[in-house]
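Have a look at the structure below before the remarks.
The values are calculated or read from the model by the stated rules, or taken from the named source; none is laboratory data. Remember, it's a predicted structure, so these values are computed and weren't measured experimentally. Ideal geometry is used to build each Cβ from the backbone, glycine not excepted, and the neighbour counts take in all protein chains shown.
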Amino acid sequence: MKFLILDVYPSDDWRLVKDTAGGYGTGNDFGSNLFSQIINKFVSKMISMPPMYAVYIHSILKTKGMEVEYEKSLNNKKLIEEADYIILPTSIIAHETEVEALIKLTKIYKKKVFVVGVFSSVLKKNYTLDNSFVVPGEPEGFFLKIEYKKEILNNFFEKDQVQSIQNNFVEDLDTLPFPDWDYYRKKYPLKNNFLGFNSKTAIPILASRGCPYSCFNYCTYPLQQGRKVRLRTAKNVVDEIKHWMSIINTNKFVFRDPVFSINRKFTVELCNEIISQKLKIEFLIETHLKNLDDELIDLLKKAGLKMVYVGIESSDPEVLKGINRFTVNLDEQYKIIKKLSLKGIIIKSMFMFGNPTDNETTIKNTIDYSIALPNQLVQYSVFTPYPGTPIFKSYENKITEKKYENFNQYNLTYQHNNLNNEKLDKLKSYGYKKFYLNFKSIPIVLKSVLSLFKN
């Protein structure tokens, strides 16, 4: 039986990643001035990866004895025509393109299409056509459980069968086969440049799923993964690390956990396992500052931590209160980031403009605060009330953006009381220019430029 994973995108001109923002995806747009456009081009060249669940599905199908291909274009008619079933990954940043592809696959090619990804469940009506089936929940659970007989698979496309399918959360993450990155990287770029630490392939990897934090009010990760934290065993994670070190000859890993160190005991166990097995690796994590203390920072550094992403969002307490965002106070943020920096760990602080109570002053204060921190990198994105999140209900009648593909976390999509898209674009451009042309940023800017020649 032949399956084709068809992962379509509206453009290859800039960075579009469906795996980010809890499977909704993001598409970087750092602003319209010359400096911001240079950053856009840099990031589009240095970061590229598919949705992890799609690569997991590829591996699951292979373990079930199926033939499976991964393709990003509708142009390969032969692959489409030969496939018994198509699997279509979805996102908000490619929504209109995906629906257009789905119509063509079901109407013209007459193919049966399994539609996967959290956004297809949120906007189910747009993906529900004759000969399409929207897989609810984690698609890996679905493809692990189903029986691979055509008469059974075809039943999913009968409308009266839809309600019998559950959410398919994978409770034991160790039961998942390792995603087939070796296959994928031979067809498409797979990279996160780590600012030139080395030119080896950076392998996406996860140790946990789920996030219980209060920012679920606007964050999409709980929609994709639930609020219950599920952990792999440290042994299973390390086995995967060793697998890719052997198969691909890389020591570079990007942990895609929503909050990497959310379970301190597990994090310590994993770091100790990496250290005890003398694995000389480099890795990137995203976490919450409240989960980092002196002992854990030392241990993470010893295990190979090279870069950490931390969400700060705003320097204004009232702005944070307006989005129900919990964080540590500003003095504590500074101290923790300083400790990371002194250990030689690169910190990327992530901020969000256009929050409901933001104005030009609060945003400029946040930019000044981001420069004052002992961090080396920043990201300025835009608050987005996503369909499916609890906060969306209160914004539904304020949405001004008609095209879902523009919900890329860098555009203002709703009627703001104090700001518009033009003003936010100028503030983003102002922020990036002020941060990266600051004297303290010269070393990281030079390292970024040099990394272009190493990848």
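Some observations on this one:
- Of all the residues in region 411-438, those that are under 23 Å from the mean Cα position of the chain (by Cα) and assigned to a loop (DSSP other than H, G, I, E, B) number 3.
- Residue within region 133-141 that is more than 29 Å from residue 202 (Cβ to Cβ) and charged (D, E, K, R) present: no
- Residue among 232, 264 that alone is exposed (fewer than 14 other Cβ atoms within 10 Å of the Cβ) and either in the same structural domain as residue 199 (by TED's automatic domain parsing) or touching a residue at least 12 places away in the same chain (Cβ under 8 Å) (or both): 264
- Residue within region 60-78 that is part of a loop (DSSP other than H, G, I, E, B), assigned by TED's automatic domain parsing to the domain that holds residue 145 and surrounded by 21 or more Cβ atoms within 10 Å (Cβ to Cβ) present: no
- Residue in region 351-364 that is among the aromatic types (Phe, Trp, Tyr) and at pLDDT 95 or above present: yes
- Any hit, region 45-62, residues being farther than 27 Å from residue 253 by Cβ and either among the charged types (D, E, K, R) or within 24 Å of the chain's Cα centre (by Cα) (or both): no
- If you go through region 328-366 and keep only what is surrounded by 20 or more Cβ atoms within 10 Å (Cβ to Cβ), in contact with a Ser or Thr (Cβ under 9 Å, 6 or more places away or on another chain) and part of a helix (DSSP H, G or I), you end up with 333, 337, 363, 366.
- Failed item in (1) assigned to a helix (DSSP H, G or I); (2) in contact with a helix residue (DSSP H, G or I) (Cβ under 8 Å, 6 or more places away or on another chain), with residue 81 passing the rest: (2)
- Applying a threshold of 6 Å to beta carbon distances and a minimum spacing of six or more residues, or different chains, the list of pairs starting in region 303-332 at a residue that is touching a residue at least 24 places away in the same chain (Cβ under 8 Å) and ending at one that is basic (Lys, Arg) reads 309/348; 313/325; 328/290.
- Test: residue in region 387-405 that is within 24 Å of residue 38 (Cα to Cα) and of a type in the set (Ser, Thr, Tyr): no
- Within the set 412, 424, 437, the sole residue that is surrounded by fewer than 19 Cβ atoms within 10 Å (Cβ to Cβ) and in contact with a helix residue (DSSP H, G or I) (Cβ under 9 Å, 6 or more places away or on another chain) turns out to be 437.
- One residue alone among 337, 371 is of a type in the set (Val, Ile, Thr), in contact with a helix residue (DSSP H, G or I) (Cβ under 9 Å, 6 or more places away or on another chain), modelled with pLDDT of 95 or more and over 30 Å from residue 414 (Cα atoms), and that residue is 337.
- Considering only residues in region 210-243 that are of a type in the set (Ser, Thr, Tyr) and in contact with a Ser or Thr (Cβ under 7 Å, 6 or more places away or on another chain), the one that is nearest to residue 323 (Cα to Cα) turns out to be 218.
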